[in-house]
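Visitor: Dropping the structure in here first, questions after.
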Amino acid sequence: MGKQVNCVKLGQVLEGLDVAPVPGELGQRVLDNVSRQAWEQWIVQQTMLINEHRLNLREVEARKFLMSEMEKYFFGDQ
């Protein structure tokens with residue numbers, strides 16, 4: 001069993017991620033505060049966003065949009 005985190009999304013102490021899923025400060029915040037279960041839920045949400053907005057992840061603006069949405073998903077007003 002991996003490290004435990006107090007998940008900001010699910011409000012429970014659950015198994016955390018092994019490594020930061022994205023680089024930088026946001027990745028570290030996710031690593032420290034998001035459970036594996038909540039991350040898996042984000043992947044589903046992210047896929048829907050990519051499809052609904054027809055994002056091309058080769059474009060910088062599309063990646064910025066996803067990072068912004070990720071921050072809102074985990075750390076915005078809930």
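The values are calculated or read from the model by the stated rules, or taken from the named source; none is laboratory data. On a predicted model such as this, the values are computed, not experimentally measured, just so you know. Ideal geometry is used to build each Cβ from the backbone, glycine not excepted, and the neighbour counts take in all protein chains shown. In case anyone asks, the SASA skips ligands and DNA or RNA and just uses the protein heavy atoms, side chains included. Shrake-Rupley method; radii C 1.70, N 1.55, O 1.52, S 1.80 Å.
Visitor: Go through (1) without any contact (Cβ under 8 Å) to a residue 60 or more places away in the chain; (2) under 9 Å from the mean Cα position of the chain (by Cα) and name the single condition TYR73 misses.
Guide: (1)
Visitor: Might you check whether a residue that is small (Gly, Ala, Ser) and more than 21 Å from GLN4 (Cα to Cα) occurs anywhere in region 50-66?
Guide: Quick first cut of region 50-66, residues small (Gly, Ala, Ser) only: 62.
Going one step further and asking which of them are more than 21 Å from GLN4 (Cα to Cα), we end up with 62.
Checked against the condition, which is being small (Gly, Ala, Ser) and more than 21 Å from GLN4 (Cα to Cα), region 50-66 yields at least one hit.
Visitor: If you take just the helices (runs of 4 or more DSSP H) that sit entirely in region 3-78, which of them hold at least 3 residues that are in contact with a Lys or Arg (Cβ under 8 Å, 6 or more places away or on another chain) and open to solvent by 90 Å² or more (accessible area, probe 1.4 Å)?
Guide: On the way: elements: 24-33, 36-52, 60-75.
In region 3-78, there are no helices (runs of 4 or more DSSP H) which contain 3 or more residues that are in contact with a Lys or Arg (Cβ under 8 Å, 6 or more places away or on another chain) and open to solvent by 90 Å² or more (accessible area, probe 1.4 Å).
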